[in-house]
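Asks: Supplied in structure tokens, the structure appears directly below.
Values quoted throughout were computed directly from the atomic coordinates according to the rules given, and no laboratory measurement underlies them. For clarity, every value in this text was computed on a predicted model and none was experimentally measured. FYI the Cβ positions are ideal-geometry reconstructions off the backbone, even for glycines, and counts take in every protein chain you see.
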């Protein structure tokens, strides 16, 4: 018969139930919307943070009505509610990095900018989410896009647009590698410290990083699968986590890109629409043994980037 054990320690007696001094991992804050299907938004971000040995916390900017079949509606949280979430976290925690996703409207974008100015956080990764890939209502209103372009971008350590977002923000037509470089450079001229333009929808996926001085291109193979929901969220969150743990920018991009490629490969269907990527693929029972046999660097199977 199992012994019935009860615990009565109060929160004021932490020493009673902490047998050793376990150091806390870096804390990474995501500021994004909530996706009920949990393939994107804060749910995807928190999964990626955890896999990369960070503790994730979240401030929700909007509640969406969506499933694997697409976004049906967006309900932004009031500015005061977002401000209260951010202030409560900042007053209590030491935040190593901030990842920004869907903001919904200008009011939330301005509230976040004020928060970033007060906090002086060491790392801010901005994923400029504007429209859902599957179509549907806008995820950032026109005034919000203007504010992001003219103000919020100046707070970003790194901005991570796909080609469509890069075109919207810079006004440039992006059709090839040269145009991707021009867009990345323009984004840095607009105020970001660094920019990576993602070419995941190109025939041969190539990402271009510009750190303000040098360009680095990252090649890859197109993965033909329908399980790509949450790709951008997962990539930017992995980047934020790597930067929070002290990795250099190019290394962080290399590892995040490899991680997302594997997350796509290990994706699966959960409903009637496109399935999500699998940020937790490393926890599959068969992954460790398979990776040990086939991948020299199983945790981060990444090709070397090419510098241009």
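Asks: Stick to the Cα atoms of the range 23-307, pair each with every other, and give me the Kirkwood hydrodynamic radius in Å at one decimal.
Replies: Values: mean 1/r = 0.0534 Å⁻¹.
After inverting the pairwise mean of 1/r, the radius is 18.7 Å.
Asks: Follow-up question, since we're still on this one. Which percent, nearest 5, of DSSP beta bridges in the range 23-307 are antiparallel? Walk me through the intermediate numbers first.
Replies: Working: 17 of 38 bridges.
So the antiparallel bridges in the range 23-307 amount to around 45 percent.
Asks: I'd like the distance between the alpha-carbon centres of the range 222-245 and the range 57-118, rounded to an integer number of Å.
Replies: 19 Å
Asks: Something else now. By count of other Cβ within 10 Å, fewest leading, how are 243, 255 ordered? Could the numbers behind the result be given before it?
Replies: Numbers: 243 26, 255 21.
Exposure proxy ranking, most exposed first: 255, 243.
Asks: Note down the nm distance, to one decimal, between modelled labels 7 Å out along Cα→Cβ at residue 118 and at residue 265.
Replies: Rounded to a tenth, the inter-label distance reads 4.5 nm.
Asks: For an R0 of 30 angstrom, estimate the FRET efficiency from the Cβ-Cβ distance between residue 22 and residue 215 and round to the nearest 0.05.
Replies: Working: r = 41 Å, r/R0 = 1.38.
Once rounded, the FRET efficiency stands at 0.15.
Asks: At a 10 angstrom cut-off on C-beta neighbours, averaged per residue, how do the peptides 122-131, 91-100, 187-196 rank from highest to lowest? Write down the numbers at each step before the final one.
Replies: Numbers: 122-131: 23.6, 91-100: 18.9, 187-196: 21.1.
Highest-to-lowest ranking by the protection proxy: 122-131, 187-196, 91-100.
Asks: Which length gain, in nm to one decimal place, applies between residue 248 and residue 92 when the Cα-Cα distance is subtracted from 0.36 nm times their residue separation? Kindly include the intermediate steps, with their values, before the conclusion.
Replies: Working: separation 156, 0.36 × 156 = 56.16 nm, distance 2.75 nm.
Value of the extension gain: 53.4 nm.
Asks: Roughly what percent of Cα-Cα pairs across the range 85-220 reach past 26 Å? Please report the intermediate quantities before stating the final value.
Replies: Values: 2104 of 9180 pairs.
So the portion of pairs separated by more than 26 Å is 23 percent.
Asks: Over the range 23-307, what is the mean sequence separation of C-alpha contacts under 8 Å (at least six apart), divided by residue count, expressed as relative contact order in percent?
Replies: Working: 626 pairs, mean separation 50.5, N = 285.
Rounded, it is 18 percent for the range 23-307.
Asks: Moving on to the next point. Once Rh is set to the Kirkwood radius over Cα pairs, what Stokes-Einstein translational diffusion coefficient, in µm²/s, holds for the range 229-282 at a temperature of 4 °C and a viscosity of 1.567 mPa s?
Replies: Numbers: Rh = 11.4 Å.
For the chosen part, D equals 113 µm²/s.
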